[in-house]
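**Q** Next up is a structure, given as structure tokens.
Rule-based calculations on the coordinates, nothing more; no lab input. In this text the structure is predicted, and so the values were computed from the model without any measurement. Every residue, glycine among them, receives a Cβ derived from its backbone with ideal geometry; neighbour counts consider all protein chains shown.
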Ligand SMILES: [Zn+2]
């Protein structure tokens, strides 16, 4: 029972040139993303959210968001010290964090099955070349789902 379409904050963000760009490799260590965040992040709008708004949108406590800020979540800070997070940047960050997590866990010949929601040992793993990228394709031994995985061996110099 919450109405979200009623923001009382007047968004008078004067474009301060103090737009600190952080390098977007904020994926050090593993961050455990709640499932609801992974599901909802792609639906965020290309606009600036406050921590409270984003927390409401994703149904997570503001404290969690602050933790992520400290761990590299892209954000901007306006002249009054308020923190703003851009919806699509957030979604991209979620994807990067998730990717880093999955790849860390995967061994050779393994891939993540979206149906089983866990890494599995690929059956009949085959390397497929697509442009400059190598994909590993195979079949999940548990559910029979076809899986594609971006391979690390296809790094271009
Ligand atoms: Zn599976």
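**Q** Starting with the fewest neighbours, write out 37, 128 ranked by other beta-carbon atoms found within 10 Å of each beta-carbon.
**A** On the way: 37 22, 128 11.
With the fewest neighbours first, 37, 128 line up as 128, 37.
**Q** A further question on this structure: Can you compute the FRET efficiency between residue 30 and residue 126 using 1/(1 + (r/R0)^6), with r the Cβ-Cβ distance and R0 = 22 Å? Round to the nearest 0.05.
**A** On the way: r = 30 Å, r/R0 = 1.34.
Calculated value: 0.15.
**Q** What spacing in nm lies between the two simple spin-label points modelled at residue 133 and residue 145, each 7 Å away from Cα in the Cβ direction?
**A** It works out to 1.8 nm between the two label points.
**Q** If R₀ is 41 angstrom, what is the calculated FRET efficiency for the pair residue 117 and residue 47, using the beta carbon separation as r and rounding to 0.05?
**A** Working: r = 31 Å, r/R0 = 0.75.
According to the calculation, E is roughly 0.85.
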